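Asker: Please see the structure below; I have some questions.
The values are calculated or read from the model by the stated rules, or taken from the named source; none is laboratory data. Keep in mind the model is a prediction, meaning the values are calculated, not measured. We place every Cβ from the backbone using ideal geometry, glycine too, and count neighbours over all the protein chains shown.
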Amino acid sequence: MSAGGTNSFAPGFYAGDRPKVVTSRFELEDSHTLQRYVATGGYEGLRKALARPATEVHDEVKSATILGRGGAGFPAGNKWGLTPADVWPRYLVVNGDESEPGTYKDRLLMERDPHQLIEGCLIACYAAGLSQCFLYIRGEMALAQERVATALNDAYAAGYVGKNILGSKFSVDIVLHWGAGAYVVGEETALIESLEGNRGMPRLKPPYFPAAIGLYGQPTIVNNVETLSNLPWLMVNGSAAYTAIGTATSPGTRMVAVSGHVKRPGVYEIINGVTTFRDLLFGDEFCRGMREGRTLKAFVPGGGSAPWFLPDQLDLPFEASQVGPAGSMLGSGAIMVMDDTTDIPKAALTLTRFYAHESCGKCTPCREGGTWLERILSRIVDGKGTDADLDQLFEVGESICPGSFPHASSERLGISAVPFPYRMNTICFVGPSAYAPVNSALVLFREEFEARVTKRTHIPVTAVGAAQ
Amino acid sequence: MSTTETNAEETPEVPVDPNAVSITINGRTVAARKGELIISAADREGEFIPRFCYHPRMSPVGMCRQCMVEVEGPRGPMMVVSCMTPVADGQVVRTETEQVKRAQEGMIELLLANHPLDCPVCDKGGECPLQDQAFSHGPGESRFVEEKRHYEKPIAISDLVFLDRERCILCDRCTRFAREVAGDPLISFTQRGNNTQVMTFPDEPFASYFSGNTVQICPVGALTAEPYRFKARPWDLEQRESTCTTCSVGCRTVVQSSRDELVRYQGVDSDPVNWGWLCDRGRFNFQSVNSENRLETPMMKSNGTLATTSWSAALDAVARAMRNASGSVAVLGGARGTNEDAFMWARLADAVGSTMRDAQLDDGLPASVLGYPQATIDLTCNSKTVILLAPDVKEELPVLYVRLRDAATKHGLKVIEVASHDTGFTKYAWRSVKCEPGTQADAVRALLGDAAVAAQLASGDVTIVAGRANLAESAAFTMAAVDAVLSAVPAAKVLPALRRGNVRGALSVGLAPVDGKDAAAILEAAATGKVECLVLLGADPLSDVADADLARRALAGARFVVSVDTFMSASSAHADVVLPAAAYGEKEGTTTNLEGRVTNVVQKITPRGTSRADWMIAAELLHMLGHDAGVANIAEVQKLMSKSVPSFGSVATSVDVKKN
Amino acid sequence: MARLTEENVRLAQEIISRYPRPRSATIPLLHLAQEQDGYVTEDAMAHIGELVGASSAEVYGTASFYEMFKFHPVGKYVINICGTMSCALMGAEELMHHAEQKLGVKMGGTTADGLITVERAECQAACTEAPCLQTNYRYSFRVTPESFDALVDDLRAGRLNDEIPAHGVVARVRQHIPADKGAGVHAPEDVKAAPAWFDGKAAL
Ligand SMILES: Cc1cc2nc3c(=O)[nH]c(=O)nc-3n(C[C@H](O)[C@H](O)[C@H](O)COP(=O)(O)O)c2cc1C
Ligand code: SF4
Ligand code: FES
C-alpha cells in the first residue's frame, strides 16, 4: 500500500516519508507475525542487548531520553533507576489500557507489531532486573489481545520469551493480562490494583510510587506500550541515532492521533519537538486542513484531560517545555479538532461526562464534583441553565482544583496564558480532567454559555440550617 | 494514649529516642515521632483536623479529602492529606489558612450534595461527625440544586445492621474494618464512581461477630444497629464508662442509658485491651439485662413448687440451712459477678467453714494455671511466637482474636495452633496441628521436634494461650501440653484463656477450690449426699457441666439448694430458694480480665424488681449468721478486699482511654 | 446460575498459575465466566472467590467496578456506540438516535428477539475513524446510518457468525505457556535476591 495512503491493516494510519521508529512495519499485511517480524530485523535489538551487561543497556536507554508516551512524559531510563536497591523481586507492568479520549496509537502498536512490543518488554526487564512482566491490555481491545496472545505463544515456542531466552541465561515470563472496561485503570497505581484483582482505584502517591511500592508492594516499573516499542529500534541503532531525530529535550519520534473536523484525521508518527500543531493540522503530509469551507475554532492538544488551545497556539511544536507555559500539556498525543460549526458547551459536555462516568469514586471531589459539573453542564446544554450556574461551574472546579486553572492565551479575548500544571484536591487526574474542558470552554468561549442560560438571581438553600 | 505510642510500646523506648522529630503546627513547635501521621500528631496536640475516612486503628486511605492541610514545601505551601502524610523534622503545618478553610468547606458541600438532610429522624443526629463538621467547617449553604442519589433505604445487611446507602459518604470505614480488623470481608464497595455503594453479596449477609463496630465507626447515619434504632436520641442519653463482662477479655465500654433503661454500649479505645472494638455478643448484651424474663422477687419451694416470697423469709431459710450445715456448705460459680461479689461470698464461705468452692464449673483449667508466669494481651501480641492451646478464640474470646489477628497479619507474629478441628484462627496460623482429643501433649512434643518450629521458638518471646478447648476431655490434657511447652521453652509465658467474665477475679479473691476440691469433686460429693447446702452463684450445672447426669444427681443429692441468679435457669428450677441478683449495669464494682487487669464496672440503672447485688446478699447472710460483715457499701468492700487479698490491686486498676 | 465447568476450572487453574498471587486472576476468570454464560452469574462469582481466595463480596466488588461485566442476560450481540468527543464531533449522537430507531429500543435496551443489546460507550481508541462502534468488541469505523443498517442486517442474517463470536467471548486466542518454556512464577515473599541473570555480566 502506497506510503502516505491509509490502509486496511492499520485503519487511519498514514505513513508518509518521515523517519519511523515504531511504525516501520505498519503497512505490511503480516507485520504481526513472528516470521515477518524476524524477517524484518525483529529480535535483533534484544540480541544486541543481551550481548551487553544490563547496566550498559540501561545507560543506552537513559542517554536516549525516551519520554514516557503514557501522558506524564517521564524519561523511561530515569524511571527504571528509581527502584530501591536490593529490594526483590521487581516487576514490569505494561500499560496497554489506552482509553484517554482522542488517543489512538497503542492499540495499533499491539495489533500491528506485537513482537516489537514484546521485544521492548524483554529489553526493559533485562536492563532493570525485572523478574516478571505483566502486559495489561484494555479489555475492549479483542483484536489486540488476540494478536499479542498469538505473538506470545509463538515467541515462547521459538525461545524468544521464557526460559533461557535466545539460549542465554536471561529468563523472564511475559504474562498477558486484560482489563474489563474502566478508564481510570490506565492510571498506574489503579492499573496495579486492577492487576492484583481489585477495584481499579488509584493509590495515593506518596507513598505508593510504583517504582518503590508497586505490584504486591514490590518495586514495579509501569511503562506505556509506545514507550517500550521504541526500545528494539534503539538497541539496533543506538541512542545517538535516536537523539539525532527530534530535539535535545524531546528526542525521537512520537505517535499522535488527530481526530475531529480535519480533512484527513489520522494517526501519524511525527518528529518529536519539531513538528508543530500547524504542520499537523494543515500540513499536506498530515491532516490537510479543516473540512471544506470551515475554519479552526479550537483544539485539544494532548488528550481529553488537556486544557484547550486556540488558533493562537498553532505554531507551538510538540515540546513540553513550550506547551506547558502556554497553558496545556502534550499528554497522550491526542489532538481533537473543533471547527467553527462546533457547539462548545456540548463538546465540553462530551468530555466532562466521560470523566464523571469514569471516576472511580474513591475521592470526594471527583466523585461528587465531577458528576455535579456534568449535571450543571447538561442542564445548560438543554437550555435549562441560569447565569448562576456559570459561576457555580467555577466554584465546583475550585473544590477539585484550588487556585488558578491553566488555560491558553487569546488575542481575541485579550487574555494571557495560565501555565500548566494545576493544584488538585484529588488523588489522581480524573477529577481535574472533568473540570479541564469546562474551564477551557468557559474561559475561552463564555459568550456561547451566556447565550444559552437565562438570567436568574440565585437563592441558596441553607444545608445545615435544614439539618437542624 | 495515641496510636503511635502504641507502636512505641511494641518497640520498647530507648533512653535517647532516635525517632523523635519536632514539627510546627499553626506556629506551635511540638514533638512528634518519625513515621507518625500529621493528623495523629495534631490530635495529640489538641489541634483538631476534620476527617471522615481516617480512623487511628485502621490503615489510612486518604479518600474523603476532608483532612487536607497546608505544609510548607520547597515550592511554597502545598495542600496534603494529613491522614497519609508522615511528619518530618522541621515540617511546618498549617491547619487554619484560607486555602485549608476553602478546601474543607468545599469537601463538606460536596459530601452534603448527595446526603439526605433527614438529620431530625436519623439515629446519628446529634452525634454525627458529618453534621458536626458541617456546622464547624462547612460553607453554611448548599448550592446543589440537582436531584440527589436515590436508593432503597434502609436495607438489612444482617440481623443486626441496617444500611442506608443514601446517607453513606463512602469513607471505606466499615468495609475497611470488615476486611482489615475483623477479617470478614462480607461487605465491599460495589459499582463505580458516583454510583459506588457499600453492599453485601446477594443472599450473603454481613454475618460477622464484629458487625456492631461498623455502626459505631460510621461517620454518618448510614449504618444503624437494630437493637438501638429509634431507641433514644443522643441528647437524652446518660453514659458512664465501664467494662464488658460478657467474656474475660474485659473490653472497655461506655454504658448508655435512657430513662433508667440500658440502650447502648459503645467500645472505648483501651490501648492495652480492645482498641475501641467490641464483639456483637458483648455490644448487644444489654438486651439480656432488659429482658422480660429477669428474676424480680425471691422464691421459695413450698410443697414442691417454687413460689414468690419476701427477702426476709428467703434469707431466713438460707441462713437456717447454712447454720445447720455445720460446715458442709458448697459455693459454685461467682464468675458472673464482680470481684466484690465473689469476695463477700468467699468471706461467707469462710464464716460457715466451707471448704467446697469453685468459680469454674469444670469448664476451665485448674486454678494453678494462674501460678504460671503470666502474659498480658500486649505481651502476647508482641511475642515472636504464640502457641494456641485454647478454645476457638474467635468464638469464645472474640476481641482477643482481633488483637491476635492484627499481630499475625500486620506485625509478623507467628501463631502455632494445636486443635482438634479448624478454628476461626486457623487461616492466620503459621502452623495448625490437628490432634485427637487427649493427645495435645504428644502433638506439642512432635511439634517441638520439628526443626523449623524449634528455630521459630528460639527466635524470641513465646506465649502460650491456654484454655479448655474441649469440655468432654479432662483439663489435665491441656495442662500436660502447657507443661510440655514450658519444659522445652522455660521462658515462655502463659495467657490463661478462661472464658467466663470474671472467672479470674472470682478465683483470686477466694472462690478457688480448696486443696484441689474442684467443681467436679464438689458435685460428686453432693451427688453422694455429702453436701448440706449447695449455693449456685450464677451457676447452672445442668447446662454448664459436661457431665449433665452428675449435675442432676448432685442437685438431687444436696440437702438444700440456693440459686442466686438473674434468670430462672435449668438448675434453679431445682432450688429450694431462688434469690434475684442485680445484673450488669445495676451495680458498682470491679472485674478482673483474663490477663489479671482489674477495671471498674458501673451502675447505670436501678436493679430490676427487688434484686440485689450478690455481695449485699452475702453481707446480709453474714450478719444473720452473727458475723460482722464489716461493710456497708461497695467502697468498704473494696478496702477490705485489697487488705485481705494480697494478689489483688497489684495489677493496674486503670486503663488509658481514648475515644474515636 | 452456573459455576465454572470442569473444563473452565482447568483453564482457570492454568491462568491462576501464571500469577505470583491467585487473586490477580480475578478479572480473567470473570471473563471466563462471562464467556461461559454470556454474563457473570452469582454462582460463578462465588466459585471464582473460592478459586482465588477472596470472598464473594470482594469478587462482586471487583466485577461491578468494570463496564464489560454484565450481571443479567444481554443480547447475543452487544453494540457499543462511542459517544465521547471525537465521535460526538463526527455525529455520534445522530448515530445513536438512528440506532434506537432501527432497533426499536432505547440505549441500554435489548431487542425483543434477544439478539442485540445497544449501549452508549466511551472512547474506544479509534478516534480518527469516528463515529465508531464495537459489536462484541469488534470495530466498525466511520459508521453511517446505512452502514449501521447493513451491520444489523448482517447480524440478523448470521452473516457475521465467523467474525463475531457471541457476547462473552473477547479474545479467541488464549496465552499458553508450555511447562518446559516458562521462566517460573514465584510468590514475592519467596524471592529474596536479584534474578540470577542480573549479575552485571552480559547474558549472551
Ligand atoms: C487517569 C489516568 C489515565 C491514564 N491512562 C493511561 C493509559 O491509558 N495508558 C498509559 O500508558 N498511561 C496512562 N496514564 C499514565 C500512567 O499513569 C503512567 O504514567 C504511564 O503508563 C507511565 O508510562 P510511561 O512512563 O511509559 O508513559 C494515565 C494516567 C492517568 C492519571
Ligand atoms: S480523582 Fe477520581 S478517579 Fe482519581 S482517585 Fe479520585 S475519585 Fe478516583
Ligand atoms: S481523613 Fe484524610 S482523606 Fe479522609
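Asker: Name the single residue that is nearest to ligand 1 (Cβ to nearest atom) among those in the stretch A:160-193 being on the phi > 0 side of the Ramachandran plot, outside any helix (DSSP H, G or I) and within 7 Å of chain C (Cβ to nearest Cβ).
Answerer: Going through the qualifying residues, I end up with A:Gly181.
Asker: Can you confirm whether C:Val40 is more than 7 Å from every other protein chain (Cβ to nearest Cβ) and surrounded by 23 or more Cβ atoms within 10 Å (Cβ to Cβ)?
Answerer: Working: more than 7 Å from every other protein chain (Cβ to nearest Cβ): yes; surrounded by 23 or more Cβ atoms within 10 Å (Cβ to Cβ): yes.
Taking the combined requirement at face value, the residue satisfies it.
Asker: Within the stretch C:82-112, restricting attention to residues that are touching a residue at least 40 places away in the same chain (Cβ under 8 Å) and more than 13 Å from chain A (Cβ to nearest Cβ), which residue is farthest from A:Asp343 (Cα to Cα)?
Answerer: In this case the residue turns out to be C:Leu103.
Asker: Hey, any hits in the stretch A:437-456 for a residue that's under 23 Å from the mean Cα position of the chain (by Cα), buried (at least 19 other Cβ atoms within 10 Å of the Cβ) and without any contact (Cβ under 8 Å) to a residue 24 or more places away in the chain?
Answerer: no
Asker: Using beta carbons and a limit of 8 Å, which pairs, at least six apart or on different chains, have the first residue in the stretch A:349-375 and closer than 23 Å to B:Gln104 by Cβ and more than 7 Å from chain B (Cβ to nearest Cβ) and the second one β-branched (Val, Ile, Thr) and near ligand 2 (Cβ under 9 Å from one of its atoms)?
Answerer: A:Cys366/A:Ile400; A:Cys366/A:Thr426; A:Cys366/A:Ile427; A:Cys366/A:Val430; A:Gly370/A:Ile400; A:Gly370/A:Val430
Asker: Right, something else. Among B:Glu98, B:Glu109, which is in contact with a strand residue (DSSP E or B) (Cβ under 8 Å, 6 or more places away or on another chain) and either modelled with pLDDT under 95 or within 12 Å of chain A (Cβ to nearest Cβ) (or both)?
Answerer: Selected residue: B:Glu109, the only one of B:Glu98, B:Glu109 that is in contact with a strand residue (DSSP E or B) (Cβ under 8 Å, 6 or more places away or on another chain) and either modelled with pLDDT under 95 or within 12 Å of chain A (Cβ to nearest Cβ) (or both).
Asker: Okay, next question. Take the stretch B:603-634 and flag every residue that is of a type outside the set (S, T, N, Q), under 27 Å from B:Val263 (Cα atoms) and either buried (at least 18 other Cβ atoms within 10 Å of the Cβ) or without any contact (Cβ under 8 Å) to a residue 12 or more places away in the chain (or both).
Answerer: B:Lys604, B:Ile605, B:Pro607, B:Arg608, B:Arg612, B:Ala613, B:Asp614, B:Trp615, B:Met616, B:Ile634
Asker: I'd like to know if the stretch A:122-134 contains one or more residues that are closer than 30 Å to C:Gln134 by Cα and either touching a residue at least 40 places away in the same chain (Cβ under 8 Å) or part of a helix (DSSP H, G or I) (or both).
Answerer: yes
Asker: Pairs under 6 Å by beta carbon, first residue at the interface with another protein chain (Cβ under 10 Å from one of its Cβ atoms) and under 16 Å from A:His357 (Cα atoms) in the stretch A:88-102, partner within 12 Å of ligand 1 (Cβ to nearest atom) and of a type in the set (Phe, Trp, Tyr), six or more apart or different chains?
Answerer: A:Ser99/A:Tyr183; A:Pro101/A:Phe354
Asker: So which residues in the stretch A:195-220 are more than 16 Å from ligand 3 (Cβ to nearest atom) and more than 7 Å from every other protein chain (Cβ to nearest Cβ), if there are any at all?
Answerer: Across the stretch A:195-220, the qualifying residues are A:Phe209, A:Pro210, A:Ala211, A:Ala212, A:Ile213, A:Gly214, A:Leu215, A:Gly217, A:Pro219, A:Thr220.
Asker: Of all residues in the stretch B:31-74, which are more than 32 Å from the chain's Cα centre (by Cα) and either crowded, with 17+ Cβ neighbours inside 10 Å or within 14 Å of chain A (Cβ to nearest Cβ) (or both)? Steps first, answer last, please.
Answerer: Of the stretch B:31-74, the ones more than 32 Å from the chain's Cα centre (by Cα) are B:31, B:65, B:68-74.
Within the stretch B:31-74, B:Arg65, B:Met68, B:Val69, B:Glu70, B:Val71, B:Gly73 meet the criteria.
Asker: What number of residues within the stretch B:229-257 satisfy the criterion of being more than 18 Å from B:Asp280 (Cβ to Cβ) and buried (at least 24 other Cβ atoms within 10 Å of the Cβ)?
Answerer: Going through the stretch B:229-257 one residue at a time, the tally reaches 0.
Asker: Right, next: List every residue pair whose Cβ atoms sit under 9 Å apart, with the two residues 6 or more apart in sequence or on different chains, where the first one lies in the stretch A:171-188 and is free of Cβ contacts under 8 Å to residues at least 12 places away in the same chain and the second, anywhere, is away from ligand 3 (no atom under 16 Å from the Cβ) and part of a helix (DSSP H, G or I).
Answerer: Once the first residue is free of Cβ contacts under 8 Å to residues at least 12 places away in the same chain and sits in the stretch A:171-188, its partners that are away from ligand 3 (no atom under 16 Å from the Cβ) and part of a helix (DSSP H, G or I) give A:Ser171/A:Ile165.
Asker: Which residues, taken from the stretch A:404-438, are away from ligand 2 (no atom under 16 Å from the Cβ) and within 22 Å of B:Ala113 (Cα to Cα)?
Answerer: Here is the first cut: in the stretch A:404-438, the ones away from ligand 2 (no atom under 16 Å from the Cβ) are A:404, A:406-420.
Matches in the stretch A:404-438: none.
Asker: From the list C:Ala150, C:Ala187, C:Ala183, which residue is more than 7 Å from every other protein chain (Cβ to nearest Cβ) and within 22 Å of C:Ala25 (Cα to Cα)?
Answerer: Of C:Ala150, C:Ala187, C:Ala183, the one residue that is more than 7 Å from every other protein chain (Cβ to nearest Cβ) and within 22 Å of C:Ala25 (Cα to Cα) is C:Ala187.
Asker: Return the residue satisfying two criteria in turn: it lies in the stretch A:410-426 and is out of contact with any helix residue (DSSP H, G or I) (no Cβ under 8 Å at 6 or more places or on another chain) and among the hydrophobic types (A, V, I, L, M, F, W, C), and of such residues it is farthest from ligand 1 (Cβ to nearest atom).
Answerer: Ranking the candidates gives A:Ala417 first.
Asker: When you scan the stretch B:197-212, do you find a residue that is surrounded by fewer than 21 Cβ atoms within 10 Å (Cβ to Cβ) and within 19 Å of A:Arg367 (Cβ to Cβ), even just one?
Answerer: Yes, some residue in the stretch B:197-212 is surrounded by fewer than 21 Cβ atoms within 10 Å (Cβ to Cβ) and within 19 Å of A:Arg367 (Cβ to Cβ).
Asker: Of everything in the stretch A:200-215, what is more than 10 Å from ligand 2 (Cβ to nearest atom), surrounded by 23 or more Cβ atoms within 10 Å (Cβ to Cβ) and part of a loop (DSSP other than H, G, I, E, B)? Give them in sequence order.
Answerer: A:Pro210, A:Gly214
Asker: Is it fair to say C:Pro28 is at the interface with another protein chain (Cβ under 9 Å from one of its Cβ atoms), within 14 Å of the chain's Cα centre (by Cα) and closer than 26 Å to A:Lys362 by Cβ?
Answerer: Working: at the interface with another protein chain (Cβ under 9 Å from one of its Cβ atoms): yes; within 14 Å of the chain's Cα centre (by Cα): yes; closer than 26 Å to A:Lys362 by Cβ: yes.
Taking the combined requirement at face value, the residue satisfies it.
Asker: Looking at the stretch B:140-235, what strands (runs of 3 or more DSSP E) fall wholly within it and have at least 3 residues that are closer than 23 Å to A:Ala356 by Cβ and within 14 Å of chain C (Cβ to nearest Cβ)?
Answerer: It comes to B:187-190, B:197-200.
Asker: Any chance the stretch B:530-540 includes a residue that's free of Cβ contacts under 8 Å to residues at least 40 places away in the same chain and small (Gly, Ala, Ser)?
Answerer: no
Asker: Within the stretch B:119-139, which residues are more than 33 Å from the chain's Cα centre (by Cα) and free of Cβ contacts under 8 Å to residues at least 24 places away in the same chain?
Answerer: B:Phe135
Asker: Taking the criterion of being in contact (Cβ under 8 Å) with a residue 12 or more places away in the chain, in contact with a Phe, Trp or Tyr (Cβ under 8 Å, 6 or more places away or on another chain), under 30 Å from A:Asp343 (Cα atoms) and part of a strand (DSSP E or B), would at least one residue in the stretch A:221-241 satisfy it?
Answerer: No.
Asker: Could you tell me which numbered condition C:Lys70 fails, if it satisfies all but one of (1) outside any loop (DSSP other than H, G, I, E, B); (2) more than 9 Å from every other protein chain (Cβ to nearest Cβ)?
Answerer: For C:Lys70, the failing item is (1).
Asker: Within the stretch A:148-159, how many residues are under 27 Å from the mean Cα position of the chain (by Cα) and either under 18 Å from A:Leu92 (Cα atoms) or within 8 Å of chain C (Cβ to nearest Cβ) (or both)? Give the derivation first.
Answerer: From the stretch A:148-159, those under 27 Å from the mean Cα position of the chain (by Cα) are A:148-152; that's our starting set.
In the following step, the residues that additionally are either under 18 Å from A:Leu92 (Cα atoms) or within 8 Å of chain C (Cβ to nearest Cβ) (or both) were identified as A:148-150, A:152.
Counting residues in the stretch A:148-159 that are under 27 Å from the mean Cα position of the chain (by Cα) and either under 18 Å from A:Leu92 (Cα atoms) or within 8 Å of chain C (Cβ to nearest Cβ) (or both) gives 4.
Asker: Restricting to helices (runs of 4 or more DSSP H) lying wholly in the stretch B:318-433: which have 2 or more residues that are crowded, with 20+ Cβ neighbours inside 10 Å and among the aliphatic types (A, V, I, L, M)?
Answerer: Filter on the stretch B:318-433 gives B:339-351, B:398-410.
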